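The values are calculated or read from the model by the stated rules, or taken from the named source; none is laboratory data. What you are looking at is a predicted structure, and each value in this text was computed from that prediction instead of being measured. FYI the Cβ positions are ideal-geometry reconstructions off the backbone, even for glycines, and counts take in every protein chain you see.
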Amino acid sequence: MPPWLAYAASGVSLFAVGMSALVLHGEVMRKILAANVSASGVFLVLVALARRAPKGPPDPVPHALVLTGIVVSVSATALALALVRQLRHGAQLGPSDERRR
Amino acid sequence: MTAENVLPVGVLLSSLVPALIIFLLPEQRHGTRTALNLFAAVTKLVLTAVIGWGVVHHRRYETRVRFLPGADLVLHADPFSLLFVTLSAVLWLATTIYAVGYLEGSPQRSRFFGFFSLCVASTMGIALAGNLLTFFIFYEMLTLSTYPLVVHRGTPESLHAGDVYLAYTMTGAALLFAGTASLYALAGSVEFVAGGSVGPLVAGHRGALMLIFFALVAGLGVKAALFPLHGWLPLAMVAPAPVSALLHAVAVVKAGAFGITRVVYDVYGVRVAEELGVMRPLAFVAAATVVFGSVMALAQRDLKRRLAYSTVSQVSLIVLGVAIVGTVSTIGGVVHLVHQGLMKITLFFAAGNLAEKLHVTRVDQMRGVGRRMPLTMLAFTIGALGMIGVPPIAGFVTKWYLGIGAIEAGASWAIAILAASTALNAAYFLPLLRDAWFEPAETQGGILAEEATLSLVLPTVFTATLSIAAGALAASGVSPLAWAKLIATREYQP
Amino acid sequence: MRGVPWLELTILAPLCGALLGLVLQRAVAVLALVSSLSTAVASAGVAVLVARHGTIRRSVGAWELPLGIQLRADGLAALVLVAFAVVGVFITAYAMVHFEPGSRAARSFFPLWLFAWTGLDALLLSSDVFNLYVTLELTTLTSVGLVATGGDPAALSSALRYLLFAMAGSLLYLLGVALLYGAHGVLDLDLLGAVVTRGPVTWGALALITCGLALKAPLFPLHGWLPAAYASAPVPVSALLSGVVGKCSLYVLVRIWLGVFGVPLGRAPAVLIGVLGAAGVLWASIVACRQQRLKLLVAYSSIAQLGTIFLVFPLMGRAAFAGGAYLVISHACAAAAMFIAAGTIEQVVGHDEIDRLDGLAHRLPLTFVAFALAGVSAMGMPPSGGFVAKWLLVRTAFELHEWWWAAVILIGGLLSAAYVFRVLRGAFVPAPITETIRRSRASDLLALGLALLALALGLAPDLPLALAAQGAPS
Amino acid sequence: MSMRAFLVLTVIVWTSAAWSAHGYLRDAPNRLSFWVFFALTMAGNLGAVLAPDVISFYVSYAVMTFAAYGLVVHERTPAAFRAGRVYVTMALAGELLLLAAFVLLVGTAINLPMGQVPAAVAAAPRRDLLVTLLLLGFGIKAGAVPLHVWLPLAHPVAPTPASAVLSGAMIKAGLFGWLSFLPLGHGTLGTHGSVCVVAGFVAVFFGAVVGATQRDAKTTLAYSSISQMGLATVAIGVGLSSPASADAVFSAVALFALHHALAKGALFLGVAVPVGASVGRRRIRALGMFLAALAIGGAPFTSGAAAKLALHGVVVRSSAAPTLDWLLSLGAIGSTVLMVRVLALALARNGEAAQRSSAMAPWLVLVLFPWLLIVAPGARPLFSWAHVWSSTWPAAIGVGVGLRLCQRPPARVPAGDVLEVVSVAARGLKPTLARLLLASQAAVTRFRTRRARFLARWTARIGRIDRAEAALSSFGAVGALALFLIVVLLLVVVPR
């Protein structure tokens, strides 16, 4: 197994782990974290793909993609956190509220 | 842009534009609204007359607008469309005058007259449609614009009637849509042509064409109240009398019967339909409806319900005439489109007058009403006798032609249906006439003391007179019969 | 005409408006209106250009591929662009009526909306799978923000749910994109279409991308996040979500299928999508019939309409494609009109429970007229854009001898008639004359305008259909 | 030529009846209604006789038929309404039969001149059916047995002037129809002819026997009409079976119709002629009635004798001439018996319209007019001894029997005879029908309940969608479904 494939495979596993956590965990903060883990998995896949060609410099495009992806991911996380904060702050909802739904 | 291109649209617009203006008019502007309505109705009559003159002189009136791939919007005037246009235009005028009197002082008149005009506009579109898609579009507009009229009173019963009306007509619409779309998919384009246009497809698509035929007829049969698709009609009689007139005579059931005729003659062509073997089932369904409607009418105790079931029966006579292959029966069917309209609108007007003035709504309340409202009951009598087929009222001409047509086509069983229809019609109308005229009245003022107001009586008497004229002058050149003969000959040209 | 960078302007106009709006908070509404109108003009420019010259491509800032960003406008993009721009202008105008000037909600709504619009236009004009991802995210995140502008707990929690579902969908999509890029080394739709072949990577990418977008679109049965989000958001947001933004993921899916997967993978997955779409039509329509709240009813109606649009996948062909496009634009108008009408009702009577609307039509005639006219389009009754779309789809179904799709569309139409008339029938119940409500009629006029647009689409389909045919698959 | 007789009789009977009704109804409450229907019926009747073509005939005939309903129910009594119901049912059936016949006959050529009708009938593709329809259709109007049941109910309940036109003129329209439409002289219709002859004689005797049991002068007169019309039916029957006799049939039936219309009209009006306390008037009335009764009885030197002579001329051409001739004489006995009964019943009481003053003049016209017939040229044989004898002995026997019956009247057969049987049968069927009706109502109710239950069940079933929909919004469900979707997509795309 070439190293890039190993990285890619572990990226996919990370993604899967994140996704299942996103689905299975009731706690909203955990969901947000799970989404981030999942995103990291995807980025790992992309970065791994950049080194797919055995020789020569790595493909620059995946890096650009990953950078953009991270920006997106961070924004989404920030938005999610802001929402959670506002929810708990404004509506006095307990952390377990999300679980009951 | 010649007159030939513009006039069909003009006929359409002469009720569409008033409809829109009426919606925008404030509720209190009754005078303006009435004036506008009457002006529009008269304009439409004039336009219709002009087109009629032109069609007799072999002018071709057609408006064509590009619409969808393989399906233009086409309005054209052929003799058959003109028959329906004229009927609707004349009856619209009568109904408008009637409705103005009937709704005197009731709320929401703006909405009522707006939708009323919209219905008539849709009917004009149905009549003038030059292809199946255009027909369908206006047919559905008719469905939508009649709903507010059916539920106009807003009572739980009328809302229920509206629900049932929608359930039936929308399902019918879906079937019609399916039939139309699949026919377009099969044939590419479906223009209304005398003699039909799907003939070349029969060889390869026999089954499909049969299925499509039944889908189309079932879709149209809902409005035409063919058994067992008639359930909405008797319920819809909770609507005000002018609406019943509209449903039963001016627009709705007529649109269904008109559509079936179009499909049989101008889409499939009578020979093709016969060859496909779909005419016989259609004739049987129509025959069953004739008998069923009459029997049900006999069982009704509510006057308007009785009239409604009578419509179920009578409209199927149109379909029966259309479905029996032969020029004469076609004449009978087509001319009944007009005759039934004239007679049934008279009956509903009269029933409306009775309900309005004397609060007579049940058949057992008819005692002596002939003395109290002589003009109304005279009109009612003419309508009822016409339905039975008493000469020289219009209904007789229909039965005569249907009878001859049935014999000519070797469908002697249809004679039995006609006889049964006549007998049953007599059974449910004659006792009413007896009660009305020969039983003593409960109260009695001076003559005409209790008669309805002029704007209610005038249209009633007018349509009654037309019913007689259409029968008595059937042999003349301008009668509905003469026109129906023209239509039928055209359809049976080789 | 050709010299003007219309494509870029459609993105820049809302972007500038959004940025300026963040700064000049007092004039945010006027700014939004100006930038909406400019966007509309720019979109019209694109449409004219495409209508005349066919598909247009432009590289932003002259950066060439693969690092540069290329914009591409074909007939479908131009049509949807114009339609969304028109609806967008209406929504902006409505928001100016709806939100109190200078309120916190208004200050956050307008910039977010313009950002969303920026993302939307960029998405419509994107030509590669990654840009589609980025623009889709931009639109989604701003939409989540928009839902949250309601500020109440219900809005916040449904926004959060929306966000989490959307993140999951995006990540699935992104992983699919990664697979595609890994296998083929290109991101451009056309280039990918040229090189993509059958194989495990393509299959995986197809599954991931389709599932991700199905989650975001949403396609039945993954629509669980949608009703709450639409129903709890402020009215202008519901209108723009269901009318405009809600079509994004579907658009992306269509683009990718048309450009990449459609040909090599055959019809089986398309039929699967169609089956889910059909199930969605029936399911959502029935659920819509059972709703007690008007906004939820309209939300489920939107899901049903989306389901109908998904039927273009199995019916793939020029006419069905045009039908789908037509359904997108006419539903954009109709859904926005319905939400605005529902919002007006809620605002006036303080609730939107369907069974308690009896007689209200006498007080709010225009509102009900707008709802009714929009309903006509939603039912697919003529004359309306909905009818034209339905006609094209049903006719195609019959041409392919696959009548069951037609049956689904027709039954869906019947069910939609059931829920639309459930609302309308109350309008005919006579009500005692109560005090007339003094309020601005602007919102009614806007709803009516949108509804009339939906109708007008049914009267003159010639031009839009010709536009949609530019660069459409044959 | 002979058809003119119908015009003459129609005009005379209607005119006298109108004249008489003018006085009869002077103070009646429903005068207007009477005159409207009277005028309509008269117009229809005249129109039918004068019609140039089939369609005008049919239209006039129908107008007459339906307008006459107004005359029948004029008194608004339950009996009148019952008679009206029976009348209109039968009349409608007649109209239907005729409509069917005309449709078969002329098709769309509704302007077929009346003169060409018999030939057209003879040439019609379904001649036998057509003739059957015509016989039945007009037979109802002409009171042919067994289609006569309306007649003894309807004629007596109408105001007397109306009875006079119903019995005098209107049933002749049925005869007129037979003469105008049947293909007499255009081929042989043996079966139809025989049936007619048999039915005719049945009518002759049946009418006499049932009529003799009646207690009411007008009902007896109605039965007399049935009996008399039987004679005409016989003649028509002979005409159908032997074409050679056609001319004789025409003139005989026409003469007979004229005679019977006037004499019967006179008898009916006579019932109503008021005499008050005046002995002179009473004697005039008695004399007039007696003369008219003589005519109907076929006594020598009367119009009746002339008519019977003509009928005899027809019958001798038949193959079964002796039998028929003998039966004719037997029938004359019956006629006379009825007349004796009528006179006894009518003269026993004052004119029924004693309080309403009615003109005697129109009645006298009717009484006297028939006597003109015997001075007409061609009536010579009336004065032969043989004829006098052949018309005297049945009359004499009839008078004897009649007087005997007056002393000991037989049990009364209800008016409408056969109809009573039918009504009794119908009454017997009523419970069955009611049960059927109940059963069908129950079936409808059951259907409705089932439908409601079915709908409710399905609504409940569909209601479960709410829970399912709620479940679909959970993260777990969406996650599982998304995973499932991925798997299915892969299964679908990966080729096997």
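Among the residues of the range C:146-164, those that are assigned to a helix (DSSP H, G or I) and more than 7 Å from every other protein chain (Cβ to nearest Cβ) comprise C:Leu146, C:Val147, C:Ala154, C:Ala155, C:Ser158, C:Arg161, C:Tyr162. The condition of being in a helix (DSSP H, G or I) and at the interface with another protein chain (Cβ under 9 Å from one of its Cβ atoms) holds for only one of B:Leu186, B:Leu211, B:Leu220, that being B:Leu186. Among the conditions (1) crowded, with 24+ Cβ neighbours inside 10 Å; (2) more than 8 Å from chain D (Cβ to nearest Cβ), the only one that C:Val201 does not satisfy is (1). Scanning the range A:36-95 for residues that are of a type in the set (D, E, K, R) and assigned to a helix (DSSP H, G or I), we see that the one that is farthest from C:Val201 (Cα to Cα) is A:Arg88.
Examine the range B:364-372 for a residue that is surrounded by 24 or more Cβ atoms within 10 Å (Cβ to Cβ), in contact (Cβ under 8 Å) with a residue 12 or more places away in the chain and closer than 30 Å to B:Leu83 by Cβ, and state whether such a residue exists. The answer is no, given that none of the residues of the range B:364-372 is surrounded by 24 or more Cβ atoms within 10 Å (Cβ to Cβ), in contact (Cβ under 8 Å) with a residue 12 or more places away in the chain and closer than 30 Å to B:Leu83 by Cβ. Scanning the range A:15-27 for residues that are more than 10 Å from chain D (Cβ to nearest Cβ) and of a type in the set (Val, Ile, Thr) yields a total of 1. Checked against the criterion of being within 18 Å of the chain's Cα centre (by Cα), touching a residue at least 60 places away in the same chain (Cβ under 8 Å), part of a helix (DSSP H, G or I) and surrounded by 19 or more Cβ atoms within 10 Å (Cβ to Cβ), the candidates D:Leu153, D:Leu96, D:Leu92 yield just one match: D:Leu153. Scanning the range D:36-49 turns up one or more residues that are surrounded by fewer than 22 Cβ atoms within 10 Å (Cβ to Cβ), of a type in the set (Val, Ile, Thr) and closer than 24 Å to D:Trp150 by Cβ.
Applying the set (1) within 11 Å of chain A (Cβ to nearest Cβ); (2) more than 25 Å from the chain's Cα centre (by Cα); (3) in a helix (DSSP H, G or I) to C:Leu192 leaves exactly one unmet item: (1). Tallying residues that are in a helix (DSSP H, G or I) and away from chain B (no Cβ under 11 Å) within the range D:99-119 yields 6. Tell me, please, whether a residue that is crowded, with 16+ Cβ neighbours inside 10 Å, within 14 Å of chain C (Cβ to nearest Cβ), in a loop (DSSP other than H, G, I, E, B) and free of Cβ contacts under 8 Å to residues at least 24 places away in the same chain can be found in the range B:65-76. Yes, the range B:65-76 contains at least one residue that is crowded, with 16+ Cβ neighbours inside 10 Å, within 14 Å of chain C (Cβ to nearest Cβ), in a loop (DSSP other than H, G, I, E, B) and free of Cβ contacts under 8 Å to residues at least 24 places away in the same chain. Among the residues of the range D:120-142, is there at least one that is within 11 Å of another protein chain (Cβ to nearest Cβ), among the aromatic types (Phe, Trp, Tyr) and surrounded by 23 or more Cβ atoms within 10 Å (Cβ to Cβ)? Checking the range D:120-142: not a single residue is within 11 Å of another protein chain (Cβ to nearest Cβ), among the aromatic types (Phe, Trp, Tyr) and surrounded by 23 or more Cβ atoms within 10 Å (Cβ to Cβ). The condition of being in a helix (DSSP H, G or I), crowded, with 23+ Cβ neighbours inside 10 Å and more than 8 Å from chain C (Cβ to nearest Cβ) holds for only one of B:Leu166, B:Leu149, B:Leu144, that being B:Leu149.
Residues in the range C:12-27 that are crowded, with 24+ Cβ neighbours inside 10 Å and touching a Ser or Thr at 6+ places or on another chain (Cβ under 6 Å): 3 in all. Scan the range C:238-297 for residues that are among the hydroxyl-bearing types (Ser, Thr, Tyr) and within 30 Å of C:Leu191 (Cα to Cα) and the total you get is 2. Within the range C:379-421, can you find the residues that are more than 7 Å from chain B (Cβ to nearest Cβ) and assigned to a loop (DSSP other than H, G, I, E, B)? The answer is C:Gly380, C:Ser384, C:Leu400, C:His401, C:Glu402. The criterion of being under 24 Å from A:Leu67 (Cα atoms), within 13 Å of chain A (Cβ to nearest Cβ) and either touching a helix residue (DSSP H, G or I) at 6+ places or on another chain (Cβ under 8 Å) or free of Cβ contacts under 8 Å to residues at least 12 places away in the same chain (or both) holds for C:Thr139.
In the range C:278-310, the residue that is nearest to the other protein chains (Cβ to nearest Cβ) out of those that are in contact with a strand residue (DSSP E or B) (Cβ under 8 Å, 6 or more places away or on another chain) and not polar (S, T, N, Q) is C:Arg293. Is it the case that some residue within the range A:41-63 is in contact with a helix residue (DSSP H, G or I) (Cβ under 6 Å, 6 or more places away or on another chain), over 19 Å from C:Leu187 (Cα atoms), in contact (Cβ under 8 Å) with a residue 12 or more places away in the chain and more than 14 Å from chain D (Cβ to nearest Cβ)? Checked the range A:41-63: at least one residue is in contact with a helix residue (DSSP H, G or I) (Cβ under 6 Å, 6 or more places away or on another chain), over 19 Å from C:Leu187 (Cα atoms), in contact (Cβ under 8 Å) with a residue 12 or more places away in the chain and more than 14 Å from chain D (Cβ to nearest Cβ).
Quick check, is D:Leu489 away from chain A (no Cβ under 14 Å), touching a Cys at 6+ places or on another chain (Cβ under 9 Å) and of a type outside the set (Ser, Thr, Tyr)? Yes: the conditions hold for D:Leu489.
When we screen B:Val253, B:Val334, B:Val272, B:Val315 for residues that are closer than 25 Å to B:Gly204 by Cα and part of a helix (DSSP H, G or I), the only hit is B:Val272.
Looking across the range C:182-197, just one residue is surrounded by 18 or more Cβ atoms within 10 Å (Cβ to Cβ) and without any contact (Cβ under 8 Å) to a residue 12 or more places away in the chain, and that is C:Leu191. D:Leu382 meets all of the listed conditions (1) modelled with pLDDT under 75; (2) outside any helix (DSSP H, G or I); (3) not β-branched (Val, Ile, Thr) but one, namely (2). Being polar (S, T, N, Q) and modelled with pLDDT under 85 is the filter; apply it to the range B:454-489 and report the residue that is surrounded by the most Cβ atoms within 10 Å (Cβ to Cβ). Looking at the filtered set, the residue picked out is B:Thr489.
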